[in-house]
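No lab work stands behind these numbers, since they all come straight from the coordinates. What you are looking at is a predicted structure, and each value in this text was computed from that prediction instead of being measured. Positions of Cβ are generated from backbone atoms using ideal geometry, with glycine treated the same way; all protein chains shown enter the neighbour counts.
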Amino acid sequence: MAALRSLLPCVPGLLRPRHGCAALRTFAAGAKFEYIITEKKGKAHNVGLIQLNRPKALNALCKGLITELSQALQAFEEDRAVGAIVLTGGEKVFAAGADIKEMQALTFQECSFTQFLRQLDQLSQVKKPIIAAVNGYAFGGGCELALMCDIVYAGEKAQFAQPEILLGTIPGAGGTQRLTRAVGKSLAMEMVLTGDRISAQDAKQAGLVSKVFPVETLLEEAIRCAEKIASNSKLITAMAKEAVNAAFEMTLTEGNKLERKIFYSTFATEDQKEGMAAFVEKRKASFQDQ
Ligand code: HXC
């Protein structure tokens with residue numbers, strides 16, 4: 001293991017302790033949260049499902065919800081059985097944004113000193129793939145949360161918007177950055193400067209969403225995709241995710257260099273040996289995440 005770790009300097013934190021903190025692990029599935037519901041899904045119970053569940057406030061992202069989301073993400077990240085995570089809301093709303101009632105009296109000083117809503121960004125640090133299953137409104141911080149996920153599936157009635165401008169503020173969790181990279185400058189500007197909503201179909205056409213499904217089947221489709229991902233090597237999946245994400249942070253030359261390093265690193269794993277042996281022997285690979 002030490003040898004393998006030394007071969008992977010470009011994949012910081014990839015090789016995590018085998019067993020997560022017990023206290024956190026108890027949060028993973030069926031834990032009693034106030035604002036979210038967590039469960040393990042899939043035939044092999046290898047999909048971590050997080051459902052935002054604050055319906056009276058349209059899943060507005062209050063501090064309590066964000067803290068619970070953070071705890072659930074960390075627990076699934078540490079759970080060796082979980083290979084992918086699905087993040088969803090309700091049928092009417094994914095999330096209507098940051099909690100405006102909690103925010104309205106904040107001062108600039110409080111925002112700065114407390115790094116207000118910084119914790120939300122934790123989602124983008126998770127190494128396991130996260131699929132957003134978006135039904136209904138994904139507005140403001142809700143849209144930004146979806147954009148932090150690796151794959152976005154939408155129900156056909158989903159709507160996406162960055163309406164912060166109408167509140168006298170701007171997006172604060174990637175709405176000007178990830179949205180622009182996802183849909184391009186013109187549409188991002190239009191959304192950020194007008195606050196106008198776009199439909200699931202327009203979001204798909206623009207590249208924010210990869211697939212659109214009927215409202216009722218969205219979640220099962222997202223779980224099916226997560227199961228597919230979770231059946232592959234978790235070790236190699238984390239490497240693949242890191243490589244794709246590098247495309248948003250690096251020049252093409254730097255990104256290709258990193259990709260090559262990670263590609264070479266896969267040859268230090270048992271899962272690469274198993275995957276290629278299985279192909280040659282015409283059988284299904286059995287990955288051990290080693
Ligand atoms: C707090 C909210 C809320 C929000 C809705 N509610 N959105 N509370 N923060 N973001 C509450 C309402 O006050 C109301 O509570 C209840 O949820 C139902 O909302 P309604 O407006 O009555 O529902 P509806 O008429 O169906 O309209 C749905 C809606 C609208 C179009 C989504 O609620 C809306 O425009 N919400 C605000 C969307 C928004 O501007 N989001 C951006 C927030 S800023 P009561 O108690 O009155 O019944 C942001 C910045 C992110 O996200 C920065 C970094 C994270």
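Computed values, structure above
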item	result
Cβ-placed point charges (K, R +1; D, E -1), dipole of the chain about Cα centre in debye, nearest 20	720 debye
Nearby lysines by direct alpha-carbon distance to LYS63 (threshold 27 angstrom, same-chain neighbours under 8 apart not counted)	LYS32, LYS40, LYS41, LYS92, LYS101, LYS127, LYS128
Relative contact order for the chain, counting Cα pairs under 8 Å that sit 6 or more residues apart, in percent	16 percent
FRET E, pair ASN256, ARG181, Förster distance 22 Å, beta-carbon r, rounded to 0.05	0.75
Spin-label proximity, ASP196 to segment 136-178 - amide N less than 17 Å from point 7 Å beyond Cα toward beta carbon	140, 159-166
The chain - convex hull of the alpha-carbon atoms, volume per residue in Å³	149 Å³
√(5λ) per eigenvalue of the Cα gyration tensor, segment 140-207, largest first, Å	17, 12, 12
Full-extension gain in nm, ILE165 to TYR264, via 0.36 nm per residue minus C-alpha separation	31.0 nm
All lysines inside 21 Å of LYS284 as judged from Cα atoms, apart from same-chain residues fewer than 8 positions distant	LYS43, LYS228, LYS234, LYS273
Per-q log10 I(q)/I(0), segment 133-290, q = 0.08, 0.12 Å⁻¹ (Debye; single scatterer per alpha-carbon; no solvent)	-0.32, -0.66
P(r) of segment 93-149 over all Cα-Cα pairs, binned every 5 Å from zero, in whole percent	4, 16, 23, 22, 18, 10, 5, 1
Euclidean distance between Cα centres, segment 125-148 to segment 60-84, Å	13 Å
Per-pair calculated FRET efficiency, R0 = 51 Å: GLU281 and LEU106 via Cβ, rounded to 0.05	0.25
